[in-house]
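**Student:** Before we start, here is the structure in question, set down as structure tokens.
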Amino acid sequence: MAGGAFAPTSGGKEYPGKFTFRVFFTCLFAATGGLIFGYDLGISGGVTSMDVFLKDFFPDVYQKESSVKASDDQYCKFDSQILTLFTSSLYLAALVSSIGASMATRKYGRRPTMMTSGLLFAAGAIVNGLAKNVVMLIVGRLFLGFGIGCANQSVPIYLSEVAPYKYRGALNMMFQLFITIGILIANSLNYAFARLIGGDMAWRLSLGGAIVPGLIILLGSCFLPDTPSSEIERGNYGRAKDLLLKLRDVDNVDEEFNDLVEASEKAKLVKHAWLNIFKRKYRPQLVFAFCIPMFQQLTGMNVIVFYAPVLFKTIGFGSNASLLSSLITGFVNMLATFASIFTVDKLGRRKLFLMGGTQMLICQVVITIAIAMKFGVSGNPGVISGTYAGAVVAFICVYVAGFAWSWGPLGWLVPSEIFPLEVRSAAQSINVSVNMIFTFVIAQIFTAMLCHLKFGLFICFAVCVVIMSIFIYKLLPETKGVPIEEMTVVWRNHPHWSKYFDEDDAKFETSKPKDIASA
């Protein structure tokens, strides 16, 4: 299969390898792990905007919302820490499970961890779908979180290790694509169930429906091989080389295989990855493993994803209309992700980060002005015209598109490709943990921030976009087209980060095991 729109690039060594149906479908099935994260992101906001769900589980919020008139402060009608705990509790569980999953991916492989993620997520869906009280809801959310932590830990690494280096960006971004597909499916189901079924069954079907993406990743993982790096890491050299030959579809993969074995031998010298990752020579990458997921959440995108229906209700949409509006933004989110898939290996990571950040900043400024002019600080919008509401939705869609082809997929791609094998699992766990911490914080405090900061909330996110764009421009080296085991060279040659490396840091500490490589 030809590369087509997946533009190949080169940098450093050039391993032979083709873009084949085998590697495409292997990455495609693995990337379905993004469905569980996306489905949850989309489903929780929609469910918490359903009146019947609020009435059953959060009667105080329902009373407060139903008693708020158009002339009252619209900013504060959903301010409830218990309600936000329903959404955000999942991300604490994901944080905890990602730490355990980092050890599991290294010891048992990437594929078993992916299978575990689907099993845990399906269990959480069952508990939530049958929930009788808030305790059952929270327990179900915790199981969902354990599943998401395992998936977010294992899938991006799996994709980066399986993909040929020339197409690594595009294939890794399929994880984000399936996140957006999961969001779109969740928004569609929320709208359909609320409109066509209603009552308790609407939210039960929405929450219980999470079992489907859970089973997809569980069953799909059963038919996937593990990655060559993972097989080598666990001593299965012959199986790893056979797998690499099939994935690359060439007669000779000795150079890439030798480098993978060499990296594995070096990794075996590192007994405690969690201690070693804080060494000086890993500090440049570690900064990005922390800052990229932090900034990804501080764009404000998850405010839109979590609470789009709530947000749209706040600015004057009815219940069903708010679900429809979030469905529109979900569709835009999915479509825009394709732009990143087809351009990331041609334009590079830095350009997409900066272009997407500029687009988001402009939209945030416009949205802030629009809400400030209509709602002011009182939160009393008066009569809201359809034109005004439609214009706000349009700019939110453009903002969502900017995130979807930049900070969304790149937030998973870049941290998964920049670390050497010996600390890669620990680094991905840090990436997921930071992502979950800030996702939890944003989810937990959003409604309170909206109540107290009013339209100023969007100014805060705009300032964050400016800061993180400057950070990328000054400090991130370009990593497109660089083989994953040659990534250290990129950091050594960067004017700011080169001072963190000694002369021998770019070289492997072991010699190539020729007898294994020729097996």
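**Student:** May I ask you to evaluate 6.51 cos²θ - 1.76 cosθ + 1.60, the Karplus curve with θ = phi - 60°, for each residue of segment 461-475 and list the ³J(HN,Hα) values in order in whole Hz, giving x for glycine and proline?
**Tutor:** 5, 4, 4, 4, 4, 4, 4, 6, 5, 4, 4, 5, 4, 7, 10
**Student:** In what sequence, highest mean first, do 108-117, 359-368 appear when ranked by Cβ atoms within 10 angstrom? Can you show the working numbers first?
**Tutor:** On the way: 108-117: 23.3, 359-368: 20.3.
Final packing ranking: 108-117, 359-368.
**Student:** Okay, next question. Between Leu453 and Phe278, what is the label-to-label distance in nm when each label sits 7 Å out along the Cα-to-Cβ direction?
**Tutor:** With each label placed 7 Å out from Cα toward Cβ, I get 3.0 nm.
**Student:** Using a 1.4 Å probe, how large is the accessible area of Glu231, given in Å² and rounded to the nearest 10?
**Tutor:** In the full protein context, Glu231 sits at about 10 Å².
**Student:** Separate question: Keeping every protein chain in place, order Ile99, Ile82, Ile442 by accessible area at 1.4 Å, biggest value first, i.e. largest first. Don't skip to the end; give the middle numbers.
**Tutor:** On the way: Ile99 70, Ile82 110, Ile442 10 Å².
Output order, biggest surface exposure first: Ile82, Ile99, Ile442.
**Student:** Which pairs, out of Lys268/Lys346; Lys132/Lys454; Lys266/Lys351; Lys241/Lys266; Lys346/Lys474; Lys268/Lys351, put more than 25 Å between their alpha-carbon atoms?
**Tutor:** Working: Lys268/Lys346 35 Å; Lys132/Lys454 35 Å; Lys266/Lys351 33 Å; Lys241/Lys266 18 Å; Lys346/Lys474 21 Å; Lys268/Lys351 36 Å.
Over 25 Å apart, Cα to Cα: Lys268/Lys346; Lys132/Lys454; Lys266/Lys351; Lys268/Lys351.
**Student:** By average Cβ neighbour count within 10 Å, what is the ranking of 342-348, 180-186 from highest down?
**Tutor:** Values: 342-348: 19.4, 180-186: 25.7.
Those peptides, ordered most packed to least, come out 180-186, 342-348.
**Student:** On full extension of the chain, what length is gained from Arg195 through Val441, given 0.36 nm per residue of separation minus the C-alpha to C-alpha distance? Working shown, then result.
**Tutor:** Values: separation 246, 0.36 × 246 = 88.56 nm, distance 3.16 nm.
Gain on stretching Arg195 to Val441: 85.4 nm.
**Student:** So how much slack lies between Leu219 and Lys55, counting 0.36 nm per residue of separation and subtracting their Cα-Cα distance, in nm?
**Tutor:** Values: separation 164, 0.36 × 164 = 59.04 nm, distance 3.64 nm.
Additional length available on full extension: 55.4 nm.
**Student:** Right, something else. Taking 7 Å along the Cα-to-C-beta vector as the label spot, tell me the Tyr473-Lys346 distance in nanometres, rounded to one decimal.
**Tutor:** 2.5
The values are calculated or read from the model by the stated rules, or taken from the named source; none is laboratory data. Keep in mind it's a predicted model, so treat the numbers as computed, not measured. Cβ atoms come from the backbone with ideal geometry, glycine included; neighbour counts cover every protein chain shown. Just the protein is used for accessible areas: all its heavy atoms, side chains included, with ligands, DNA and RNA removed. Shrake-Rupley method; radii C 1.70, N 1.55, O 1.52, S 1.80 Å.
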